[in-house]
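Trainee: Quick one: structure below, then a few questions.
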Amino acid sequence: MDVDALETRLATTENIKFIYVIPDFQNPTGVSLSLARRKRIIELANEYDVLVLEDSPYRELRFEGEVLPTLASLDTEHRVIHLGSFSKILAPGVRLGWVSAAPEILDKLGLLKLAADTQSSTLNMTAVTRFLDTFDIDAHVSAMRGVYRAKRDLMVSTMTEHFPAEVTVTRPEGGLFTWVTFPEGFDTTAFMAEHALPEARVAYVPGESFFPTEHRSNYARFSYSGQSDDEMVDALTLLGAILNEHI
């Protein structure tokens, strides 16, 4: 997040309700907020009297680099609502998360949750509780970090080797995604429909869906979390050959 742009927006826009931020391994880019920017966001929230929604489902999946404090731990006025998710550290299908916030905020969130869907799945909550009581969640997450680190390395190295030189790839220190930048004018949506899917059986998330106010077609988010190593290498090698024909 560009904190200077944030300050300008807060100073010039009325009725802003909260600041939404994914500080750790942001979706879709995989990058993380620096400590200085984290501190500045808290300062601005205090100055302009707004809440901060810290969405942090990937935080536990750090492979390397410095562990940075949560915004919630820097909070001095109980403004931060911190969110986490078992979907990213236990099983995707669980669809179960948690929230940490000031009591008066939690009370209102509870009422909103009740009005929206009554409650989360009792079966899922029971299963997660049983897992936490029976197994070591920290050991489980530690093992996951090693797996995802290897997959991150494999994806980035394969892309670097086989994709055209004009294509750049982020190397995230954690999380599940890498962000790929193609040359200006390249349309990742059209390319996936016309070439990546039919010729290489590769799907990704075209980047334009992540730009709410402008059309930017030359980006894509790739996930390294779900494929086998052999599938990943074969698919990206073939995709690279196709890209080299078109770039």
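The values are calculated or read from the model by the stated rules, or taken from the named source; none is laboratory data. If you're wondering where the values come from, they're calculated on a predicted model, not measured in any experiment. Ideal geometry is used to build each Cβ from the backbone, glycine not excepted, and the neighbour counts take in all protein chains shown.
Trainee: Scan the stretch 84-99 and tell me whether some residue there is modelled with pLDDT of 95 or more and under 24 Å from Ala11 (Cα atoms).
Mentor: So far as the stretch 84-99 goes, no, none of its residues is modelled with pLDDT of 95 or more and under 24 Å from Ala11 (Cα atoms).
Trainee: Read through the list (1) surrounded by fewer than 18 Cβ atoms within 10 Å (Cβ to Cβ); (2) modelled with pLDDT of 95 or more; (3) more than 25 Å from Thr181 (Cβ to Cβ); (4) of a type in the set (Asp, Glu), then give the number of the only condition that Glu14 fails.
Mentor: (2)
Trainee: Could you tell me how many of the residues in the stretch 30-82 are touching a strand residue (DSSP E or B) at 6+ places or on another chain (Cβ under 6 Å) and in a helix (DSSP H, G or I)?
Mentor: The qualifying residues number 3.
Trainee: Of the numbered conditions (1) free of Cβ contacts under 8 Å to residues at least 12 places away in the same chain; (2) over 29 Å from Tyr219 (Cβ atoms); (3) of a type in the set (Ser, Thr, Tyr), Ser157 fails exactly one; give the number of that condition.
Mentor: If we test Ser157 against (1) free of Cβ contacts under 8 Å to residues at least 12 places away in the same chain; (2) over 29 Å from Tyr219 (Cβ atoms); (3) of a type in the set (Ser, Thr, Tyr), just (2) comes out false.
Trainee: Moving on. Determine, yes or no, whether Lys39 is basic (Lys, Arg) and touching a helix residue (DSSP H, G or I) at 6+ places or on another chain (Cβ under 9 Å).
Mentor: Spelling it out, Lys39 is indeed basic (Lys, Arg) and touching a helix residue (DSSP H, G or I) at 6+ places or on another chain (Cβ under 9 Å).
Trainee: Given the conditions (1) modelled with pLDDT under 95; (2) closer than 27 Å to Pro92 by Cα, which single one is not true for Arg152?
Mentor: (1)
Trainee: Does Glu77 meet the test of being surrounded by 21 or more Cβ atoms within 10 Å (Cβ to Cβ) and under 14 Å from Ala102 (Cβ atoms)?
Mentor: When the stated conditions are applied, Glu77 does not pass them.
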